[in-house]
Amino acid sequence: MKNIYYWEFEYNKLKVQVACSDIGAVRVKMGFTIKGDFLSELKAVAPRAEFFRDFQHNKGLTDVLQDYLKGDNPAMNLPWDIKATSFTYNVWKSACSIPYGETRYYKDIASMVGRPKGARAVGQALKRNPLLILIPCHRVVSTNGLGGFGAGIDVKRYLLNLEQGDPASSDPG
C-alpha cells in the first residue's frame, strides 16, 4: 500500500498544497483561492493509499517551491510519482525543457512531441498537469495571449511576471 504525505503553506498570498509519496511528488496545487478539499482530491487519485499530514516528507518539495516563489531559479530535479499516457508525459517533459523566464507556444510543444497540428491536444495534456511549477506549464502560452491555466489566469500571469524579475507585477495585491 502506498503512503501519501500532504502539506499546505502560503507564500505571498498564494496558497500552495503539496503531496509526495515515498517515490516522489504526487501533487502541487496553488492559487490565490483554492476550491475543493485537497485530501479528497488525493483520495480520488489514489484510493488505496494511506494519507498523512506531514511536513517532513514534503520538505524538499516545499523548499524548492518556496525558493522558486522568492524569485530564485532552483533545480527542479525532484522525482515524480504520477501516471500519464506517453503523449501526456512527453508534453510534460517538453514543458520542462522551457528555460526559466521564457515561454513557448502550444504549437511549439506540439512540434516537439511530433504532433505539429496537435496544439489543442497539448493544451489538454497541460490542463491535466498535477505538478504545477515542477512541470512549468505556465510557460506555455497561446499565440493569442496567455491561454489557459488550471490554477487561474491570475496565477499564470503572477508566475510569468515572477520569472521575468518584475516583483511589482508579481504582487498579487
**Item:** Selected residue (only one of H57, H138 is assigned by TED's automatic domain parsing to the domain that holds K35 and in contact with a Ser or Thr (Cβ under 9 Å, 6 or more places away or on another chain))
**Value:** H57
**Complete:** Picking from D37, D72, the residue that is at pLDDT below 95 and under 16 Å from P136 (Cβ atoms) would be D72
**Item:** Some residue of region 63-73 being in contact with a strand residue (DSSP E or B) (Cβ under 8 Å, 6 or more places away or on another chain), surrounded by 14 or more Cβ atoms within 10 Å (Cβ to Cβ), touching a residue at least 60 places away in the same chain (Cβ under 8 Å) and within 28 Å of Q164 (Cβ to Cβ)
**Value:** yes
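Restricting attention to region 102-161, report how many residues are within 22 Å of C20 (Cβ to Cβ) and in a loop (DSSP other than H, G, I, E, B). If you could, list the steps in order and put the result at the bottom.
Quick first cut of region 102-161, residues within 22 Å of C20 (Cβ to Cβ) only: 126, 128-138, 150-151, 155, 159.
Cutting the leftovers down to in a loop (DSSP other than H, G, I, E, B) gives us 128-130, 133-134, 136, 150-151.
Here the count works out to 8.
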**Prompt:** From the set of residues in region 2-23 that are touching a helix residue (DSSP H, G or I) at 6+ places or on another chain (Cβ under 9 Å) and closer than 14 Å to A49 by Cα, which is surrounded by the most Cβ atoms within 10 Å (Cβ to Cβ)?
**Reply:** A19
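Got a number for residues in region 38-52 being surrounded by 11 or more Cβ atoms within 10 Å (Cβ to Cβ) and not β-branched (V, I, T)? Let's see the steps before the verdict.
Filtering region 38-52 for residues surrounded by 11 or more Cβ atoms within 10 Å (Cβ to Cβ) gives 38-39, 41-43, 45-46, 49, 51-52.
Those still in the list that are not β-branched (V, I, T) too: 38-39, 41-43, 46, 49, 51-52.
Final tally of qualifying residues: 9.
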**Fill in**
Going through region 23-38 in order, the residues found to be touching a residue at least 40 places away in the same chain (Cβ under 8 Å) and either closer than 19 Å to P79 by Cβ or over 14 Å from the mean Cα position of the chain (by Cα) (or both) are I23, G24, A25, V26, R27, V28, K29, F32
**Prompt:** If you scan region 17-43, which residues turn out to be farther than 20 Å from G148 by Cβ, of a type in the set (A, V, I, L, M) and not in a loop (DSSP other than H, G, I, E, B)?
**Reply:** V18, A19, A25, V26, L39, L42
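Quickly run through region 74-101 and pick out the residues that are farther than 30 Å from N12 by Cα and either in contact with a strand residue (DSSP E or B) (Cβ under 7 Å, 6 or more places away or on another chain) or part of a loop (DSSP other than H, G, I, E, B) (or both). Spell out how you get there, then give the answer.
Step one: of region 74-101, the residues farther than 30 Å from N12 by Cα are 83-90.
Residues satisfying the conditions are K83, A84, T85.
Could you say which residue among L126, L132 is closer than 20 Å to E10 by Cα, modelled with pLDDT of 95 or more and of a type outside the set (D, E)? Even if it seems obvious, please write down each step before you answer.
On the way: L126 fails: closer than 20 Å to E10 by Cα.
Being closer than 20 Å to E10 by Cα, modelled with pLDDT of 95 or more and of a type outside the set (D, E) holds for just one of L126, L132, which is L132.
The values are calculated or read from the model by the stated rules, or taken from the named source; none is laboratory data. For clarity, every value in this text was computed on a predicted model and none was experimentally measured. Virtual Cβ from ideal backbone geometry, glycine too; neighbours counted across all protein chains shown.
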